[in-house]
Amino acid sequence: MMNEERIRSSNSFDSVYEYVFPVLMRVAYHITEDMAVAEDLCQEAFIRYYNRNISFPDKEQAKYWLIRVVKNLALNYDKRSRRERRAYDRVLKEPERLQTSAETELIKKEITDTVQKALSKLPQKLRTVLVLKEYGNLSYREIASMLHITESNVKVRVFRARALLEELLGEEEIDYVS
Amino acid sequence: MKVRFLPLLILVSLVSVHGEDIESALKSLKDKALAVNVATRVLEKDQVTVWHTESSKVTISGKAVSLKLSGDNVLILADITPYMNADGTLLLVAQGEVYITSSPDGGVKYYSTMKSVPVKAGEKVIFFPLGVAFDADENVYTIEVEIEVLPYSEMIKRKEGITDGSR
Amino acid sequence: MYRERDVHTKDCPGKDVLSAYFDGELDPRSMDQVSVHLSGCSLCRQRLEGFAVLRKRLNDVPFSLDLVASKERTLNLIEAQHVLRRAAKRERFWDRRVFIPLPVVAAVGLLFMFTIAALIVWEMQPKTVEMAEIKDVDPVGPYDVDVKNLEQLAEFLQNSNSTIEVTIRLPSQPAFFLMGEPKLLRETDYKRGK
């Protein structure tokens, strides 16, 4: 029978969790733009990780596996109309959300940050690659393998994402000032 | 339920060996047995006791003592199950059903409740089957069921203590 | 001898190359070439700086994460999938109030009892339904059991009235009324409330 002690005493799970979870959260959050959803997806990824019981040679490999899972989950989530999903989740999830007060810290309902706003304006293909690069800290090769594209594709997309983001941030700042 | 089954298994072995009723069988498991003391009271305003009765039963961790309080317009069924941990702390699980008729329409009201309370041996817990009004007025009578759980060995000591003292 | 350039020349690597350089993703030879170029080209240095600024801004996005709490939640979710939920931190109270015509009382009462028992035993997931949770208690036993066979056991269980019962007849006077929800209180808590 599984119990908390057994889960915790397995050092690799704990250390992988501590190392990867923050990274995973950022990736999930910047794709879905919803902290609550991001946390759910990250938990789901870790639950799968635990249940599959794969032993990776190192944390980087575990990180890659987990990011890939959360990326897929996040992109699937993203496919549905975001507004529709938010309304749906609010109806279904709200009672659970209200249960734990610790969670209110995590919930950010509105995107208030300029950078995050600009990021959300990027086309999904560019945003995903940039998020994996900047938040997942994955190499071009890892990103290429994860998205089933070539490394040179990754290089171009990262660059385009950055260029577009700079442009958007330039505009945002102008708007803000005026 | 696993926890409840084990005491029954013990009972089976004891009964088949001794052919006694359950209470005696439980009493022979002296260090495992728990005494459940129930004091049932009817209180009027200002917590004055106008009626009371006391009962004491011996059980084992995980086995319920079933209480049935029947009155003219009320029936209260309460299962009190003590659980004892290795460190001697107790958990009391009280499961109750209350059936009461309210005079005008003759309909029956029903409550079911379940509550678990961690307690220390000898610490009293009070069950109010019909609720309790702290700012009671004249005509309100409260039924109070005071429950105390002790290891059976403690209970024996207590009884012996009383016997000695009364001489 | 180097002279700082302030305009782009055809020697300047493309922005996409600089982007890859910034990520350390060029082949070693190209990495060296760009490094050399950068030492003498302030414009390209500025472009690189732009990527660094962007990276910093992206990482500065406010992000509060309570790792401990969230790990707790994840472990709980994992555990909830396999075992009954343990060690409730607070007690909960489950009330039901129903009007039933007198003849139906007994049958309904029995049904409710079984429902309660079933819910306790089969509750596998944390839910928002308010319900008392049984704290994990130390199991009783194992004891050596002297049972000759399962038939004997089954027979005993079937035939014996193995409940411990206390039957109390309440007085006819006074008449009792429902004053509120049934309560279970510790004596100390009760006395404090008075």
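Against the definition (in contact with a helix residue (DSSP H, G or I) (Cβ under 9 Å, 6 or more places away or on another chain), of a type outside the set (Phe, Trp, Tyr) and either surrounded by fewer than 20 Cβ atoms within 10 Å (Cβ to Cβ) or modelled with pLDDT under 85 (or both)), how does A:SER81 come out, yes or no? Criteria not met by A:SER81. For the structure I just gave you, tell me whether A:THR112 is of a type in the set (Val, Ile, Thr), in a loop (DSSP other than H, G, I, E, B) and either modelled with pLDDT of 50 or more or farther than 21 Å from C:ASP27 by Cα (or both). Spelling it out, A:THR112 is indeed of a type in the set (Val, Ile, Thr), in a loop (DSSP other than H, G, I, E, B) and either modelled with pLDDT of 50 or more or farther than 21 Å from C:ASP27 by Cα (or both). Tally time: how many residues in region A:7-35 are away from every other protein chain (no Cβ under 11 Å), modelled with pLDDT of 80 or more and surrounded by fewer than 21 Cβ atoms within 10 Å (Cβ to Cβ)? Going through region A:7-35 one residue at a time, the tally reaches 1. In the set B:SER66, B:SER61, which member is among the hydroxyl-bearing types (Ser, Thr, Tyr), within 7 Å of chain C (Cβ to nearest Cβ), within 18 Å of the chain's Cα centre (by Cα) and within 21 Å of C:PRO182 (Cβ to Cβ)? When all the criteria are applied, what remains is B:SER66. Taking strands (runs of 3 or more DSSP E) as the structural unit, those lying wholly within region B:30-96 and holding at least 2 residues that are within 23 Å of B:TYR110 (Cα to Cα) correspond to B:33-44, B:65-70, B:74-84.
Condition check: in contact with a Gly (Cβ under 8 Å, 6 or more places away or on another chain), within 22 Å of B:GLU148 (Cβ to Cβ) and within 7 Å of chain C (Cβ to nearest Cβ). Does B:TYR83 satisfy that? Yes.
Taking region A:37-71 as the range and being polar (S, T, N, Q), away from chain C (no Cβ under 14 Å) and not in a helix (DSSP H, G or I) as the test, only A:SER55 passes.
The values are calculated or read from the model by the stated rules, or taken from the named source; none is laboratory data. Given the structure is predicted, the values throughout are model-derived calculations rather than measurements. Cβ: placed from backbone, ideal geometry, glycine included. Neighbour counts: every protein chain shown.
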